[in-house]
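The values are calculated or read from the model by the stated rules, or taken from the named source; none is laboratory data. Keep in mind it's a predicted model, so treat the numbers as computed, not measured. Backbone-built Cβ (ideal geometry, glycine too); neighbour counts: all protein chains shown. With ligands, DNA and RNA removed, areas are computed over all heavy atoms of the protein, side chains included. Shrake-Rupley method; radii C 1.70, N 1.55, O 1.52, S 1.80 Å.
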Amino acid sequence: MNSRKDLSLSVCVPTYNRADLLEYLYKSLISQDSSNVELVVVNDGSTDKTEEFVKHWISESKVRIRYFHQENTGRGAALRKSLLNAKGEYSIIMDDDDYFVEGAL
């Protein structure tokens, strides 16, 4: 997909058992010009369908997605992991219940 040099923004998202809300963020991201954006999702031990949803989105290839799963250790650890794995020149922290308004990017 994108090389590091043309990857401008990493959207870093820690999540836990909120697949239904995370989907709004995903849909809002793919409705933008997301050609130079990556979504970095850290699943903090969810027991809902988070992993299933994210793997489906990866297969759609509508936006670059980096996905990590870890045992539940809390939002702080998940957020840190997402930031450490971000490849964009810039990073933005979004929670799993956030979304982008039209034209935000």
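Listing for the model above:
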read-out: Residue identified as surrounded by 19 or more Cβ atoms within 10 Å (Cβ to Cβ) and of a type outside the set (A, V, I, L, M) among D48, D96, D33; value: D96
read-out: Breaking point among (1) under 14 Å from the mean Cα position of the chain (by Cα); (2) open to solvent by 70 Å² or more (accessible area, probe 1.4 Å), for T73; value: (1)
read-out: All helices (runs of 4 or more DSSP H) inside the chain with 2 or more residues being in contact with a helix residue (DSSP H, G or I) (Cβ under 6 Å, 6 or more places away or on another chain); value: 19-30, 50-60
read-out: Single residue of the stretch 1-30 satisfying the filter (of a type in the set (G, A, S) and surrounded by 15 or more Cβ atoms within 10 Å (Cβ to Cβ)) that is nearest to R80 (Cα to Cα); value: S10
